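First the structure, in the form of structure tokens, and then the observations on it.
The values are calculated or read from the model by the stated rules, or taken from the named source; none is laboratory data. Note that the structure is a prediction, hence the values are computed from the model and not measured. Every residue, glycine as well, gets a Cβ built from its backbone with ideal geometry; the counts of neighbours run over all protein chains shown. These accessible areas exclude ligands, DNA and RNA; they are computed on the full protein's heavy atoms, side chains included. Shrake-Rupley method; radii C 1.70, N 1.55, O 1.52, S 1.80 Å.
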Amino acid sequence: MCMADDGHDRGTGGADGEATFSALPEDSMEDLYENAPCGYLSTLLDGQIAKVNKTLLDWLGYRREDLVGRRRFADLLTVGGRLYHETHFAPLLSMQGEVHGIALELKTADGSRLPVLVTSTVKRDDDGRPLLIRTTVVDARDRRAYETELLRARQEADRERDRLQTLATTLQRTLLPPVLDDVPGLEVAARYYIASVDEVGGDFYDLFPLDRGTWGLFLGDVRGKGADAAAITSLARYTLRAAAVYNSDPASVLDHLNTVLTHEDNEVEPRFCTVIFGLLAPTDHGAFRITLASGGHPPAIRMRADGTAHYVPTPGGQLIGALPDADIATTTVRLEPGDTLLFYTDGLTEAHIDQSGGRYGEEALLDFARSLAPTTAAATVRAISGVLDCLGAGVDDDTAVLAVSAPGPGERRRRAPVPETGAP
């Protein structure tokens, strides 16, 4: 409700205000000095205390006669403070005539320490000659307590961060195979590149034996990061292995994973991933037949023994877990001796290459693959690792790389190396 203006002064305004202020007790300059909310002292140029107010005396527990004419300002400092005063504070004050907000500690009469902030100014006469030094002392106990608590909280946060990083790294390792299976007649290599040690990524891969001399291979990328992504990663990895044992047809394997993910409770956060699954089987003359099915995953790159390289088109390819009935089809590749097949997640192609937001991209990756061909699985993974290392902080998403190659004529087949895990 609005009140009408009755024409009278309100509060302390007008004549009533003047009467109120005039009734207050008059402040004397001496009282203001002695009982100020901060400490004051004046010293001669050699530091001998000439004047000190009651506030500072109360803080330190001294009588006036204990200090005036008997002690120097430096005598009130701790050993470290005295050293700093002589080597920094006093020379700086002499050169520029004032020093502001220096953190020091004063010794009290009972031997305890009082953290303070000190500001000193040189008073000069009309001719500019220095007469004395005026010093203001502010009690910094609350500030020191705050800083101590802040430091403690930061140290605790650092310890917690280290603990979470260790937990994330350990969890990440459990989601990857400790070693890739040894496939006779095939070289296999892999690397997992960690973009951030603070979070668990959702990339995964595996290679494992099936029946009748065949092997299953997959590489995928779960949406998101953290504990939820880790849970889906684990579910996807073990579902793919189990489904492949039941029916090794790649389209059927991905269809089974799609059914599992779409039946998960995903009302709050959609649970989907991109996956490429391959069924490997040796054929004649050291070649391999690889049947691939892709669920929205970037296509593999085939680097041939003749020095060419191209993407392997995978038809269909809807995200796994996004729709109840995903359209999944297969394609077959014949890996001849000297050929290499590269699988990767989009953390590589979507890495930033400059401040303007430019991405590494599919074309750059294909050009790089062409520069490598012909090559081997191990050499390919080493080369891609070099690219990731060079991109450094530009790789803001975890990246998994998996390569398989059929050794060319005269090449000795190498045992599958232990997968590498790296961070920028």
Each residue of the range 370-382 in turn: what ³J(HN,Hα) in whole Hz from Karplus with 6.51, -1.76, 1.60 and θ = phi - 60°, glycine and Pro shown as x?
-> 5, 6, 8, 5, x, 8, 10, 4, 5, 5, 5, 5, 4
Quick one: order Trp215, Trp59 from most to least accessible surface, probe 1.4 Å.
-> Trp59, Trp215
Extended-chain gain in nm, criterion 0.36 nm per residue less alpha-carbon gap, Thr283 and Thr108 | 54.0 nm
For the pair Asp389 and Met29, the simple spin-label estimate (label points 7 Å beyond Cα toward Cβ) gives in nm 7.4 nm
Length gain on complete extension for the stretch Asp228 to Tyr146, per 0.36 nm per residue less the alpha carbon to alpha carbon distance?
-> 25.8 nm
Straight-line reach from Lys54: which lysines have Cα under 27 Å away, leaving out those fewer than 8 places along the same chain?
-> Lys107, Lys123
On the formula 1/(1 + (r/R0)^6), with r taken between the Cβ atoms of Asp249 and Glu363 and R0 of 35 Å, the FRET efficiency rounded to 0.05 is 0.60
Cβ-Cβ FRET estimate between Thr87 and Arg154, R0 fixed at 30 Å, reported to 0.05 | 0.50
From the backbone phi of the range 287-298, what are the Karplus-calculated ³J(HN,Hα) couplings (6.51 cos²θ - 1.76 cosθ + 1.60, θ = phi - 60°) in whole Hz, Gly and Pro given as x?
-> 8, 10, 9, 10, 9, 10, 10, 10, x, x, 8, x
For Leu106, other-chain or 5+-apart residues with amide H closer than 5 Å (H placed, Pro excluded) are Leu114, Val116
